[in-house]
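Below: the structure, in structure tokens.
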Amino acid sequence: MPATLITPSISRNSAGMAAACELPGTPCDEEALLLDDGRPGPSVRGRFRIASVCAAVGLVGAAIYSIFALPHLRPRSPLAIGGAVGLDEQQPVPTHPRPSFASNSKPFMGGGKLSEGEQGAILINEDGQWKKYYLPGATVIDGGKTVEYKPPYRFYLMKSPTTDYSKADNFHKLQLPGKTFTVDMTLTDVGCGCNVNFYLLDMPWPTKGEFGDHYCDAQCFSGLGCCAEFDMSEGNMNVQQVANHACTHDYEGNSAWQCHKLGSPREKTSMIQFSPGTGHQIDSSKNFTFSQEFRVDGGQLQVITTLSQGSHKVVKSMGPSDQLQAMLQHGALQKGMVFATGYWTSPDMTWLDGDACGLGGETCSRAPAYISNWRLTTNGSPVPSPSPGPGPGPSPAPGPSPSPVPSPAPGP
């Protein structure tokens, strides 16, 4: 979920001159100092006065900029390197001018005890064993093996059917180093401006935040928490992207960043590799398999993402790198991170799909996406078949033991 930091640079004199020269009848260059009939214009003293006016306008502009713009760009002090970092209580009221998962989706909060349809019970095959978890609020079909995605909700993988996101123990946190995560994806008609995703977040944040779900991510928005984030997958039928957002607070050229907002490393498919229609390595108008291996070799982390469809494969590999190591060692990847997933839309998704969709405004189709056959395997183990067996059920209660039949009494 990248963002770009743009820091305006203002020269007081040049900005003032430019602003003043745009005012009707304000002479700020040599040609303007000649009258319409060609006679000389203002004297040197007059020119000096004009220059003074221009400079004054520039000073006023700089003052306004310093009052209203600079407070939004000042850095916040981190409390820790890596995972969660400091929350600045001095920040202004939350605004999210750039497209983001946080501002374009909303958590499912429920209300009291969840009904069976709200629980989002899902089956995940872990090394051949089917286990039940919950994505509260999600639409789960096909006997617990398929999640149907529609905007604008986001969901969290939970141990039990609860929407109490304040307690870390309520989440089923994924510990992925040494593991491979695999699902089957159907993104037919999920086009430009749409974003279907899986994120790992170092949640929960200590305060409930703007949306009430103790959310945090690496964009560090005011009013929300600021923490490490790993984008396992985000995209639509035009592109798939993987991005690592560690929080090391040492980003040259972006000193205000606590976490890497753009993502480093970051891998994205090309149109030849992944697009709808024949002629591409993966025809995204059809079902395909997404697999992501978190390989640790000699203490170094590599993340290898494979998109496969029949005999066709696209492999994107990232790492080793310093930022990926920071995510492994300090960003909570080793101890486990909250799995968040959802579907959000924005008219400005060009940072993600602009190569295929152009740079104009986008309108998401809001077509449903389907993610099926969730599997988590230890590296080196075979990935289970995508067809799950029956979900786990309670063992039958033992019945009462039959009473012994009495022996006939002996005759006299």
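Results, tabulated for the structure shown:
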quantity: Qualifying residue in region 216-233 (condition: surrounded by fewer than 18 Cβ atoms within 10 Å (Cβ to Cβ) and in contact with a Pro (Cβ under 8 Å, 6 or more places away or on another chain)); calculated: yes
quantity: Checklist (1) crowded, with 21+ Cβ neighbours inside 10 Å; (2) on the phi > 0 side of the Ramachandran plot applied to Val239, failing item; calculated: (2)
quantity: Condition check for Phe230: of a type in the set (Phe, Trp, Tyr) and either over 17 Å from the mean Cα position of the chain (by Cα) or under 16 Å from Ser308 (Cα atoms) (or both); calculated: no
quantity: Test: residue in region 287-302 that is closer than 16 Å to Phe181 by Cα, β-branched (Val, Ile, Thr) and surrounded by fewer than 20 Cβ atoms within 10 Å (Cβ to Cβ); calculated: yes
quantity: Checking Asp169 against (1) farther than 21 Å from Gly331 by Cβ; (2) over 20 Å from the mean Cα position of the chain (by Cα); (3) among the charged types (D, E, K, R), the condition it does not meet; calculated: (1)
quantity: Residue among Val405, Val383 that alone is modelled with pLDDT under 95 and under 29 Å from the mean Cα position of the chain (by Cα); calculated: Val383
quantity: Verdict on Ser255 being open to solvent by 30 Å² or more (accessible area, probe 1.4 Å), out of contact with any strand residue (DSSP E or B) (no Cβ under 8 Å at 6 or more places or on another chain) and farther than 20 Å from Lys106 by Cβ; calculated: yes
quantity: Any pair with Cβ under 8 angstrom, 6 or more apart, that starts in region 335-357 at a residue that is under 25 Å from Gly225 (Cα atoms) and touching a residue at least 40 places away in the same chain (Cβ under 8 Å) and ends at one that is open to solvent by 30 Å² or more (accessible area, probe 1.4 Å) and assigned to a helix (DSSP H, G or I); calculated: Trp344/Asn104; Thr345/Asn104; Ser346/Asn104; Met349/Cys357
quantity: Members of region 350-370 that are of a type in the set (Val, Ile, Thr) and closer than 18 Å to Thr188 by Cβ; calculated: Thr363
quantity: Unmet requirement for Cys192, which otherwise passes all of (1) open to solvent by less than 10 Å² (accessible area, probe 1.4 Å); (2) in contact with an Asp or Glu (Cβ under 6 Å, 6 or more places away or on another chain); (3) outside any strand (DSSP E or B); calculated: (1)
quantity: Test: residue in region 309-328 that is assigned to a loop (DSSP other than H, G, I, E, B) and among the aliphatic types (A, V, I, L, M); calculated: no
quantity: Segments classed as strands (runs of 3 or more DSSP E), wholly inside region 96-188, with at least 2 members that are under 19 Å from Gly235 (Cα atoms) and open to solvent by less than 30 Å² (accessible area, probe 1.4 Å); calculated: 146-149, 153-156, 179-186
quantity: Any chance Phe211 is buried (at least 18 other Cβ atoms within 10 Å of the Cβ), under 23 Å from Gly112 (Cβ atoms), in contact (Cβ under 8 Å) with a residue 60 or more places away in the chain and in contact with a Lys or Arg (Cβ under 8 Å, 6 or more places away or on another chain); calculated: yes
quantity: Filtered residue count, region 146-162, keeping only those that are more than 30 Å from Ser275 (Cα to Cα) and either within 20 Å of the chain's Cα centre (by Cα) or of a type in the set (D, E, K, R) (or both); calculated: 2
quantity: Residue that is most open to solvent (accessible area, probe 1.4 Å), among those in region 332-364 that are under 12 Å from Asn195 (Cβ atoms) and either part of a strand (DSSP E or B) or of a type in the set (Gly, Ala, Ser) (or both); calculated: Thr345
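Table: residues versus (1) under 22 Å from Arg154 (Cα atoms); (2) in contact with a strand residue (DSSP E or B) (Cβ under 6 Å, 6 or more places away or on another chain).
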{"residue": "Cys227", "(1), (2)": "yes, yes"}
{"residue": "Asn244", "(1), (2)": "yes, yes"}
{"residue": "Thr269", "(1), (2)": "no, yes"}
{"residue": "Gln281", "(1), (2)": "no, yes"}
{"residue": "Ser285", "(1), (2)": "no, no"}
{"residue": "Val296", "(1), (2)": "no, no"}
{"residue": "Pro320", "(1), (2)": "no, yes"}
{"residue": "Ala326", "(1), (2)": "no, no"}
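The values are calculated or read from the model by the stated rules, or taken from the named source; none is laboratory data. The model shown is predicted, which means the values in this text are computed figures rather than measured ones. Note that each Cβ is placed from the backbone with ideal geometry, even for glycine, and that neighbours are counted across all protein chains shown. These accessible areas exclude ligands, DNA and RNA; they are computed on the full protein's heavy atoms, side chains included. Shrake-Rupley method; radii C 1.70, N 1.55, O 1.52, S 1.80 Å.
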